[in-house]
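Down below is the structure, laid out as structure tokens.
The values are calculated or read from the model by the stated rules, or taken from the named source; none is laboratory data. In this text, all values refer to a predicted model and were calculated from it rather than measured experimentally. Cβ atoms come from the backbone with ideal geometry, glycine included; neighbour counts cover every protein chain shown. Heavy atoms of the whole protein, side chains included, go into the accessibility calculation; ligands, DNA and RNA do not. Shrake-Rupley method; radii C 1.70, N 1.55, O 1.52, S 1.80 Å.
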Amino acid sequence: MASVDLAKVGKNLLKSGESEEKVELQSLWQDQPVVLFFLRRFGCQVCRWTAAEISKLEPDLRANGVALVGIGPEEFGLQEFKQGGFLKGPLYVDEQKKCYKDLGFKRYNAVSVVPAALGKKVRDVAAKASAEGIQGNFSGDLLQSGGMLIVAKGGEKVLLHFIQDSPGDYLPLEEITKALGISATVKAGQRPVCNDDVCTR
């Protein structure tokens, strides 16, 4: 886990998906611990499924005073994502992608993104998402990867810093609750079985 300079990354500005006002990232952990889910794209099928999966924890997070927040690297697809109700928490946009850069979330290039997007992990999650009726699109920046940052109240420390290696990577729910030291009552969705007719999104 690469070290995160919370003081530095905390100064980065995000745009609220609701009010469009600019807020500093550190304002999100000022009064409570926070789970920050950094999406690759709002239109990404795998991101939508992962957001829905993480949202299963929302009642337990709320009961323990933990906020769940989604952050995307661009506004493209935000409205459709909100309408889909994929994440049970506020959404923000990192227009400058500074958080993504500071947290080490890699960018693919036109060559490396193809094998990554066609990999088994992505196909598995895409199959699961399709089975649950979650679709995606190829709009927006296809080269950005994401991850997760869990920060203790007041920015005391980083509880978890997860960087996607493949676009299909995501954290099991129990790792999120373990990092926070809370218990959860939900059951994770079954990892999908891959078959060859799945298109990656």
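Tabulated results
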| quantity | calculated |
| --- | --- |
| Amide H contacts of K88 (H built 1.01 Å from N, under 5 Å, at least 5 apart or other chain) | S55 |
| For the chain, built as a Gaussian network whose Cα springs stay under 10 Å, the top-fluctuating residue of F86, F37, F138 | F138 |
| Packing-based ranking, highest mean first, of 129-136, 161-168 given that Cβ atoms within 10 Å are counted | 161-168, 129-136 |
| Backbone HN-Hα couplings from phi across region 67-75 [Karplus 6.51/-1.76/1.60, Hz, Gly and Pro as x] | 8, 10, 10, x, 10, x, x, 7, 6 |
| Under Karplus coefficients 6.51, -1.76 and 1.60, residue-wise ³J(HN,Hα) of region 46-56 in Hz, glycine/proline x | 5, 5, 5, 5, 4, 4, 5, 5, 4, 5, 4 |
| Relative frequency of Cα-Cα separations exceeding 24 Å in region 1-160, percent | 32 |
| Computed FRET value (nearest 0.05) for A131 with K56, which takes r as the C-beta separation and R₀ as 25 Å | 0.95 |
| Of all accessible heavy-atom area on the chain, the percent that carbon and sulfur account for (1.4 Å) | 51 |
| C-alpha long axis of helix 120-131 to longest principal axis of the chain, angle in ° | 90 |
| Rounded FRET efficiency, nearest 0.05, which uses the C-beta distance separating K106 from A7 and R0 of 22 Å | 0.45 |
